[in-house]
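One structure is given below, encoded as structure tokens.
The values are calculated or read from the model by the stated rules, or taken from the named source; none is laboratory data. In this text, all values refer to a predicted model and were calculated from it rather than measured experimentally. As a convention, Cβ positions derive from the backbone with ideal geometry for all residues, glycine included, and neighbour counts pool all protein chains shown. Side chains are part of the model used for accessible areas, which takes the heavy atoms of the whole protein and leaves out ligands, DNA and RNA. Shrake-Rupley method; radii C 1.70, N 1.55, O 1.52, S 1.80 Å.
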Amino acid sequence: MITPFIILLLLSGPLALTYFYSRLTRQALHLGKPASWGLGLAFIFFFIGHFAKTEGMIEMLPSWIPFRFELVYLTGILELLIGIALFIPNYQVVASKIAIVVFVAFFPANIYAALNSVGLGGHQWGVVYLLIRGPLQIILILWAYFLCIKNYNKVLNSQIILVSPSR
């Protein structure tokens, strides 16, 4: 079950790269944009999952839900649109807010899949999977709120103080 690690790498990668770049160039680090880019990459990854693993995604939904196939594609397209919007500065904050709504709205599907041991991306582990997915979902929500919304315009000064040897 490598998927949570891929998600965390995609999420944190742009922020880490931007941090190291700011340290090298001695420029201030703007948190919101690279944090939004990471969340955008995660959403594009989610989108790919909806189209690459459509049958598994359908199994994550209870059989009483109508148009499950279409719903999987529709939610995948929604995730793609959110992912793209997270790369456009004028839409990053609103896309982050929508992302939080999506994380909360889609989580029952993960609960259903775990309780029914659906064989997709760790869900076959049953309830144990929720011990991984639950905290990951919380991390994603907190990331979106604290880094992409609340601190969107926050700048961290990454000045490096060089100490010269005294003579």
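Lys-Lys pairs in the chain that are eight or more residues apart or on separate chains and whose Cα atoms lie under 22 Å of each other come to 5. The chymotrypsin sites (Phe, Trp or Tyr not before Pro) of region 1-102 meeting both criteria, a DSSP state outside H, G, I, E and B (loop) and at most 11 other C-beta atoms within 10 angstrom of the site's C-beta, are Trp64, Phe67.
Solvent-accessible area assigned to carbon and sulfur over the chain amounts to 70 percent, based on a 1.4 Å probe.
In percent, rounded to a whole number, the relative contact order of the chain is 32, using alpha-carbon pairs under 8 Å and six or more apart.
For region 76-81, putting each phi into the Karplus relation 6.51 cos²θ - 1.76 cosθ + 1.60 with θ = phi - 60° gives couplings of x, 5, 4, 5, 4, 4 Hz, in residue order, rounded to whole numbers and with x for Gly and Pro.
Of the three principal axes defined by the Cα atoms of the chain, the extents in descending order read 77, 33, 24 Å.
Taking every protein chain into account, the accessible area of the chain amounts to 59 square angstrom per residue (probe 1.4 Å).
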